[in-house]
1. Which of the residues belonging to the range 148-160 are assigned to a helix (DSSP H, G or I), free of Cβ contacts under 8 Å to residues at least 60 places away in the same chain and either of a type in the set (A, V, I, L, M) or surrounded by 16 or more Cβ atoms within 10 Å (Cβ to Cβ) (or both)?
2. Answer with yes or no whether residue 57 is at pLDDT below 90 and either within 20 Å of the chain's Cα centre (by Cα) or open to solvent by 50 Å² or more (accessible area, probe 1.4 Å) (or both).
3. Just give me the residues in the range 68-88 being open to solvent by 30 Å² or more (accessible area, probe 1.4 Å), over 18 Å from residue 130 (Cβ atoms) and over 13 Å from the mean Cα position of the chain (by Cα), in sequence order.
4. For residue 102, all conditions in the list (1) modelled with pLDDT under 90; (2) surrounded by 14 or more Cβ atoms within 10 Å (Cβ to Cβ) hold save one; what is the number of the exception?
5. Looking at 139, 129 in this structure, which one is of a type outside the set (D, E, K, R), open to solvent by less than 50 Å² (accessible area, probe 1.4 Å), in contact with a Ser or Thr (Cβ under 7 Å, 6 or more places away or on another chain) and touching a residue at least 12 places away in the same chain (Cβ under 8 Å)?
6. Please go through the range 1-40 and give me each residue that is open to solvent by 30 Å² or more (accessible area, probe 1.4 Å) and not in a helix (DSSP H, G or I), ordered by number.
7. Within the range 117-147, how many residues are small (Gly, Ala, Ser), in a helix (DSSP H, G or I) and modelled with pLDDT of 85 or more?
8. What residue, of 168, 178, is open to solvent by less than 90 Å² (accessible area, probe 1.4 Å) and modelled with pLDDT under 90?
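The values are calculated or read from the model by the stated rules, or taken from the named source; none is laboratory data. All figures in this text were calculated on a predicted structure; none of them were measured in a lab. Cβ sites come from the backbone with ideal geometry, for glycine too, and all protein chains shown count toward neighbours. Accessible surface areas use protein heavy atoms only, side chains included; no ligands, DNA or RNA. Shrake-Rupley method; radii C 1.70, N 1.55, O 1.52, S 1.80 Å.
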Amino acid sequence: MIDDPDADLVEGIASGDPKAMRKMVAAKLPRILLVATRMLGDKGEAEDVAQETFLRIWKHAGGWRQGRAKFDTWAHRVVLNLCYDRLRRRKDILVAEAPETVDQGPLPDAGLLSDDRDGEAVQRALQSLAPRQREAIILVYYQDMSNRDAADVMQIKVDALESLLARGRRTLRAILNGEIT
């Protein structure tokens, strides 16, 4: 049985307690926004995904069963699935007009890098990775998940995760060194 630190909050949410939901949002919102922003490269879409994630948590908290997976793993899977839905829709929809320009403001973690231009270059490089490689890198390096937890979220084996990480790091290095454009 997995001892889950979120079990009491989820139980409160399942019983309709708005205080428990507020605590959940306060605890999970920064990480959910970071994952969605990194996956989508668009802060507005990331906020929409975060909102939809919390709606699903509110509606489906009663269906989550402790012991099968950590609640945090389930929540990250919801976020990633919603991101993939949006990425698929981007490919499916042809627009008559050019989309609005993306907010060029810094991402929440941009200040962590020594030079903001470096942060922008890393973000652009991250967006050019294959989605599963980007997902693995975001979970391990930006969400500080262990390889085991990230593999659980991605529903793959640890070996497969490590392979995605290795390919993703190699591709990022090549992009940032100008070897790939």
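1. Kept after step one, since they are assigned to a helix (DSSP H, G or I), are these residues of the range 148-160: 148-154, 158-160.
Narrowing the set further to residues that are free of Cβ contacts under 8 Å to residues at least 60 places away in the same chain leaves 148, 150-151, 158-160.
Of everything in the range 148-160, those that are assigned to a helix (DSSP H, G or I), free of Cβ contacts under 8 Å to residues at least 60 places away in the same chain and either of a type in the set (A, V, I, L, M) or surrounded by 16 or more Cβ atoms within 10 Å (Cβ to Cβ) (or both) turn out to be 150, 151, 158, 160.
2. On the way: at pLDDT below 90: no; either within 20 Å of the chain's Cα centre (by Cα) or open to solvent by 50 Å² or more (accessible area, probe 1.4 Å) (or both): yes.
Answer is no for this residue.
3. 68, 69, 70
4. Only one criterion in (1) modelled with pLDDT under 90; (2) surrounded by 14 or more Cβ atoms within 10 Å (Cβ to Cβ) is unmet by residue 102, namely (2).
5. Every option except 129 fails the conditions.
6. Residues satisfying the conditions are 1, 2, 3, 5, 15, 16, 17.
7. Initial filter on the range 117-147 (small (Gly, Ala, Ser)): 119, 121, 125, 128, 130, 136, 146.
Add one more test, that the residue is in a helix (DSSP H, G or I), and what stays is 119, 121, 125, 136.
When the remaining residues are screened for being modelled with pLDDT of 85 or more, the result is 125, 136.
Of the residues in that region, 2 qualify.
8. On inspection, the qualifying residue turns out to be 178.
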